[in-house]
Amino acid sequence: MKRRLNSTGRQKITAENIAIRLIEKNGGPSCFEANLSGIAALGLDPAARVVIEAYVKTSSMRFDFGTVGAVQPPNNTDLSEIDRGAGILFRVKVIDVSGVTGRLLASSGPVRPRDESDEEDDRKSLLPMREVDLGQAIWRLDLDDRPVLLINRAIPDLAQQIMSDPVLQGAIFPIVVHEVMKTVVNGTASDDEEWVQDWLAFFSELLGEPFTTDIGDGEELEERSLRAVEAFNNGQQWASKARDSQMIAQVTYE
Amino acid sequence: MSDLVRLLDENAIEEFRRYLIELRGNPGAQPPMYLLTAATTSVEAPFTVWVEREPHGTPFKSRYEFGRYLVDVFKVVDGASISREHRLWTWLALYYFDQLCPPTRSGTRKPLSHDAAYVLDAEFNWTNYYRHFVRTAWVAVGMHPVESRVLLTTIREVDAPLAQRGELIEQIASRQSLFRSGTVMQVADQLYYDPAVDRPRRGAGGSGPGSPRRFAAVLNQFDLTYDLESVTAETVIERLPKEFERWKRDSQPAQPSSVEA
């Protein structure tokens, strides 16, 4: 069966071209800011319209950002008509106005916004991501020092896909949790190291009880690991999110 | 007889929910209409609007007619201020309950399993909001005064037109981006509405080739290449696959319906 994609020279807007930041507000809907300065490098018709759509599952809002030649954010980017309780994603579109009206000249895939906590030092991230040459492997967990998720740089936008695709997240992160727990207990890193403390705190939160490296490396560790992974899966609900995403996509197969 | 629109308070809304639960187990339970006007269960609205249950002397013939009526009576109110006023839309659902969930001759009723059809949540949630029988009729006609008829009219005459949901409304209104698009609504109206009889065409409720379900799936594909809010209806119709030929053959641009508000 073949999936039909009606591509008409549409360019891809990547993470290098745009940056979207979510701003939480007390007592009101969140809003967002977008830096679209990278779109100019795509060489698109300056008169083409730029639109950003924010969406959560089947709810969405649309914001007009002027034209390629004169990007103009709207006065109001409040996300008031978006479902809450799930991650907001964005899609940037550049729309033809002079040729075939409505044709997409460029568009992005799902864009996860950066929120204010992403501005912190990368050292605070439990699991930093690095793009490297991995041959035919999609990902690998580097445990030589602190845990780092290595992803294949040959795959365009893989980092973005991992951060927005519940199928990829559900396939990767539970394994990471399992492996890191074993490493934290059995590895050579000192308990005093900041990353060890961070992961111990994370495991304790998942398990609902204190977790330390005193546990030993036998059956008890395996049992705790399985429980932590189950708690992680239940909390993140990968399967439900993946099912909801696929209901939205509904691609046509021939 | 006209009634002044009020708002249900939160306790009244919970009591309405409890009534719906009771009704599902006891089909003869009577709706708590006293909630609409009692000072202990309802509050004054910040506007003055009067409504009638049968403005033309008979129940509404379709949700489209109902939506047109609501748009007309609420035209004096800023739409943005009431769009998410859950107390208003729940009040109206209770007010019109005899048409949203009509009793049989024996006095029994069969409500939908989702409270969302009658009770609007305080917090915005599209999946629930589009299910509300009253608000969605008002929103649809407000956004698409003519084309919304294809979503809000039944294929054939039924006893309880306000209580009906069709395949088209499920496929289109369930996704905010499609529901919002004037182009999508124009195409749906051209394909599936028969102005000669003022109803959707026979077969428009099916699920085979060219059906609304397939239409929604094809629109997902279009969305990869076109902006569904900017592209013209003609462009979309030209590019629909062969399975839609049957519907394209008889289609024509929307003209105002003959249905009176």
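The values are calculated or read from the model by the stated rules, or taken from the named source; none is laboratory data. Computed from a prediction, not measured in an experiment: that's the story for all the values here. A quick note on method: Cβ atoms are made from the backbone with ideal geometry, for glycine too, and the neighbour counts reach across all protein chains shown. Heavy atoms of the whole protein, side chains included, go into the accessibility calculation; ligands, DNA and RNA do not. Shrake-Rupley method; radii C 1.70, N 1.55, O 1.52, S 1.80 Å.
Quick notes on this one:
- Across region B:133-164, the number of residues qualifying as in contact with a Leu (Cβ under 7 Å, 6 or more places away or on another chain) and within 14 Å of another protein chain (Cβ to nearest Cβ) comes to 1.
- 3 or more residues more than 14 Å from every other protein chain (Cβ to nearest Cβ) and at pLDDT 90 or above: qualifying helices (runs of 4 or more DSSP H) within region A:165-254: A:166-186, A:219-236
Conditions (1) in contact (Cβ under 8 Å) with a residue 60 or more places away in the chain; (2) charged (D, E, K, R); (3) assigned to a helix (DSSP H, G or I), marked per residue:
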residue: B:E65; (1), (2), (3): yes, yes, yes
residue: B:S81; (1), (2), (3): no, no, yes
residue: B:P103; (1), (2), (3): no, no, no
residue: B:G107; (1), (2), (3): yes, no, no
residue: B:K110; (1), (2), (3): yes, yes, no
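- Just so you know, in region A:49-66 the residues that are open to solvent by 30 Å² or more (accessible area, probe 1.4 Å) and touching a residue at least 24 places away in the same chain (Cβ under 8 Å) include one that is farthest from A:T101 (Cα to Cα), and it is A:K57.
Every residue, every condition in (1) open to solvent by 50 Å² or more (accessible area, probe 1.4 Å); (2) of a type outside the set (D, E, K, R), yes or no:
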position: B:Y96; (1), (2): no, yes
position: B:P102; (1), (2): no, yes
position: B:R109; (1), (2): no, no
position: B:L112; (1), (2): yes, yes
position: B:Y118; (1), (2): no, yes
position: B:E123; (1), (2): yes, no
position: B:A173; (1), (2): no, yes
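- Residue list for region B:217-246, restricted to those being of a type in the set (G, A, S) and either touching a residue at least 60 places away in the same chain (Cβ under 8 Å) or within 18 Å of B:H144 (Cα to Cα) (or both): B:S230, B:A233
- Tally of residues being small (G, A, S) and either in a helix (DSSP H, G or I) or open to solvent by 50 Å² or more (accessible area, probe 1.4 Å) (or both) across region B:1-50: 4
- Looking only at residues of region A:37-48 that are open to solvent by 20 Å² or more (accessible area, probe 1.4 Å) and aliphatic (A, V, I, L, M), we find that the one that is farthest from the other protein chains (Cβ to nearest Cβ) is A:A41.
- Considering residues of region A:74-116 that are among the hydroxyl-bearing types (S, T, Y) and either on the phi > 0 side of the Ramachandran plot or not in a strand (DSSP E or B) (or both) only, the residue least open to solvent (accessible area, probe 1.4 Å): A:T77
- Residues located in region B:113-131, provided they are more than 14 Å from chain A (Cβ to nearest Cβ), in contact (Cβ under 8 Å) with a residue 40 or more places away in the chain and out of contact with any Pro (no Cβ under 8 Å at 6 or more places or on another chain): B:S113, B:D115, B:V119
- Which numbered condition B:T183 misses (of (1) buried (at least 17 other Cβ atoms within 10 Å of the Cβ); (2) modelled with pLDDT of 90 or more; (3) under 13 Å from the mean Cα position of the chain (by Cα)): (3)
- For region B:204-229, taking the residues that are within 14 Å of B:A188 (Cβ to Cβ) and away from chain A (no Cβ under 12 Å), the one that is surrounded by the fewest Cβ atoms within 10 Å (Cβ to Cβ) is identified as B:G205.
- B:G57 crowded, with 17+ Cβ neighbours inside 10 Å and either farther than 30 Å from B:R24 by Cβ or at pLDDT 95 or above (or both): no
- Single unsatisfied condition, A:R146 versus (1) under 26 Å from A:G187 (Cβ atoms); (2) charged (D, E, K, R); (3) under 13 Å from the mean Cα position of the chain (by Cα): (3)
- Residues of region A:138-157 satisfying the condition of being in a loop (DSSP other than H, G, I, E, B) and within 23 Å of A:S108 (Cα to Cα): A:I138, A:R153, A:A154, A:I155, A:P156, A:D157
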